[in-house]
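Where a number appears in this text, it was derived from the coordinates with a stated rule and is not lab data. The model shown is predicted, which means the values in this text are computed figures rather than measured ones. FYI the Cβ positions are ideal-geometry reconstructions off the backbone, even for glycines, and counts take in every protein chain you see.
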Amino acid sequence: MLIIGNGTLVTLGRNCRVIEDGGVLIENGLITKVGDTAWLQKEAPEAKLIDCRGKLIMPGFTCVHTHTYGAFARGMTLKDDPPASFSQILERLWWRLDRTLTLEDVYYSALVTFIDCIKKGTTALLDHHASPNAIFGSLEQIAAAAVKTGIRANLCYEVSDRDGPQKALEGIEENSAFIKKCKAENSTLLSATFGLHASFTIGPETMERCAQAAHDLKSGVHIHVAESREDVADCREKYGVGVVGRLDRYDLLGSKTVAAHCVHIDDQEIDLLAGTGTAVAHSPQSNMNNAVGCAPVKQMLDRGVLLGMGTDGMTASMPEGMKTAHILHKHCQGDPRAGWQEIPRMQFDHNARIMAGFFPLPLGALTPQAAADLVVIDYDPPTPLNAENFYGHLVFGLAGSTVETTVVSGNILMQDRKLTTIDEAAVNAKARELASKLWERF
């Protein structure tokens with residue numbers, strides 16, 4: 001039994017509370033009691049106490065779209081002229097990088113990413129993987145990294161025709177085998193879904209095979225949707241419909257599907273996403289970095305789309321992504337009121353609802369019987385903090401603050417900024433060695 005207490009506790013969830021000198025009692029990976037720390041200690045005198053005086057205690061952050069395989073791109077120099085379009089970014093960077101990955105690279109890329117997540121307070125994520133010359137066993141490597149670090153992860157392999165029909169078939173097989181394995185093991189920390197890259201790299205035959213496999217496995221899909229205008233133009237030219245409409249033809253929309261980005265979708269497609277209960281992952285930093293445009297966040301939320309927050313691998317820090325989104329949508333809409341309600345709703349309410357489709361325990365709130373996933377942040381508010389103004393503190397204070405302790409399923413993954421499950425220096429040393437070799441092959 002463990003008490004994380006004596007801090008300013010923000011429960012989040014439907015009935016968010018801020019409790020001074022608050023804490024949570026953790027038993028068997030679950031939060032069993034929430035309240036004043038002194039009361040918790042009376043209720044469970046034998047529990048170990050982690051004293052968080054002068055700190056903020058809150059649920060761990062969740063990310064509904066990222067890519068662990070891109071970790072070795074940090075600092076890498078391209079061998080071509082700088083990309084001038086989204087398609088060139090894919091061709092000159094990401095598709096060349098993913099082809100160079102070995103299974104060992106995949107494992108260490110995941111370790112590097114998961115360590116960064118722990119240090120930034122991200123406790124659960126949905127990963128979208130590609131390694132065309134190391135497909136079989138790639139998801140097992142990422143899973144091993146997740147188990148090693150203790151993070152909560154949902155994994156998939158992105159099927160694509162861009163490397164030929166045999167690679168597409170191997171991707172389908174990798175997804176299918178890993179989904180079956182996760183279902184058999186029934187872990188609360190590790191799950192799987194069926195990955196697809198994007199409409200413009202998936203032909204009709206492969207799309208049909210993927211749809212059949214996903215349906216047979218009773219799985220949704222995790223796919224990039226209308227991230228760029230090229231994806232939309234390709235789809236309309238070849239199939240006479242937008243990307244969302246094409247997925248609907250294969251019955252691939254629904255509550256188990258995550259459509260990443262959705263930057264270039266129209267009103268009809270927004271209604272289709274909302275009507276089918278399809279989740280959308282917004283990754284503002286990535287969209288800005290790739291210069292693909294600004295997703296219609298307000299329109300999607302107004303029409304009832306389950307729109308959550310991802311990062312697309314740009315960062316492990318969800319507060320950093322939230323701050324970017326907060327500013328971006330004010331700028332794009334020309335409205336200083338934008339962001340105040342939309343962004344926290346996406347990160348805290350919608351991400352929790354999306355995660356519920358992949359993990360059996362409630363995430364994103366410090367409430368009894370929820371998963372004991374939480375973070376302690378070095379933030380002693382200089383102004384009053386309450387349930388109504390917490391988002392203002394997050395954007396203008398917490399986004400630059402240090403996560404000191406990270407707990408997943410009741411397990412302490414980091415305490416006082418020291419990782420407990422893994423030797424970060426050893427991982428980084430090996431990662432640098434592997435990245436150097438990858439850069440030579442790139």
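Within the straight-line cut-off of under 12 Å between alpha carbons, the aspartates and glutamates reachable from K55 are E20, D21, D378, D380, E404, D416, sequence neighbours fewer than 8 places apart in one chain being disregarded.
Beyond 22 Å, what share of the Cα-Cα pairs of the stretch 251-393 remains, rounded to the nearest whole percent? Summing the P(r) of the stretch 251-393 above 22 Å gives 42 percent of all pairs. Under 13 Å between alpha carbons, and skipping anything fewer than 8 positions from K48 in its own chain: which aspartates and glutamates qualify? Correct list for K48: E27.
So for the stretch 209-307, Kirkwood radius off the Cα pairs, Stokes-Einstein at 10 °C and 1.306 mPa s: how many µm² s⁻¹?
Values: Rh = 13.5 Å.
Here the translational diffusion coefficient equals 118 µm²/s.
How fast does the stretch 135-260 diffuse by Stokes-Einstein, in µm²/s, taking the Kirkwood radius from C-alpha pairs at 20 °C and 1.002 mPa s? Could you put the intermediate results ahead of the total?
Details: Rh = 14.9 Å.
The Stokes-Einstein estimate is 144 µm²/s.
Rounded to the nearest 500, what is the chain's calculated 222 nm mean residue ellipticity when only DSSP H runs of at least 4 contribute -39500 (n - 2.57) each, over all residues? Please report the intermediate quantities before stating the final value.
Numbers: 16 runs with 167 residues, N = 442.
So the calculated ellipticity at 222 nm is -11000 deg cm²/dmol.
Annotation: extensible slack from Y239 through R441 equals 69.0 nm (criterion: 0.36 nm per residue apart, minus Cα-Cα distance).
The angle between the Cα long axis of helix 204-216 and the main principal axis of the chain comes to about 40°, on a 0 to 90 degree scale. Relative contact order of the stretch 295-442, please, whole-number percent, based on alpha carbon pairs below 8 angstrom and at least 6 residues apart. Computed value for the stretch 295-442: 17 percent relative contact order.
Rounded, prolate or oblate: which one fits the stretch 155-205, using the alpha carbon gyration tensor with axes a ≥ b ≥ c (rounded when a/c is under 1.5, else prolate when a/b beats b/c, else oblate)? Because a/c hits 1.5 or more and a/b exceeds b/c, the stretch 155-205 counts as prolate. Unpaired cysteine residues in the chain (no second Cys Cβ under 4.7 Å): C16, C52, C63, C117, C156, C182, C210, C235, C262. Candidate cross-link partners of K183 among the lysines, defined by an alpha-carbon separation under 28 Å and a same-chain spacing of 8 or more, comprise K148, K167, K218, K256.
Could you sort 86-96, 280-290 so that the peptide with the highest average Cβ count within 10 Å comes first and the rest follow in order? Walk me through the numbers on the way to the answer.
Values: 86-96: 16.7, 280-290: 23.5.
Answer by packing, highest mean first, reads 280-290, 86-96.
Would you work out if the chain is rounded, prolate or oblate? Take a ≥ b ≥ c from the square roots of the eigenvalues of the alpha-carbon gyration tensor; rounded if a/c is under 1.5, else prolate when a/b is larger than b/c, oblate otherwise. Verdict is prolate for the chain. When a/c is below 1.5 the answer is rounded, else prolate if a/b is larger than b/c, else oblate, so apply that to the stretch 391-442 with a ≥ b ≥ c taken from the square roots of the Cα gyration tensor eigenvalues. Oblate. Take each peptide in 432-439, 261-268, count the other Cβ atoms within 10 Å of every residue, and average; sorted highest first, the result is 261-268, 432-439.
How large is the convex hull of the C-alpha atoms of the stretch 42-91 per residue, in Å³?
Numbers: hull volume 10.6 nm³, N = 50.
Roughly 212 Å³ of hull volume per residue.
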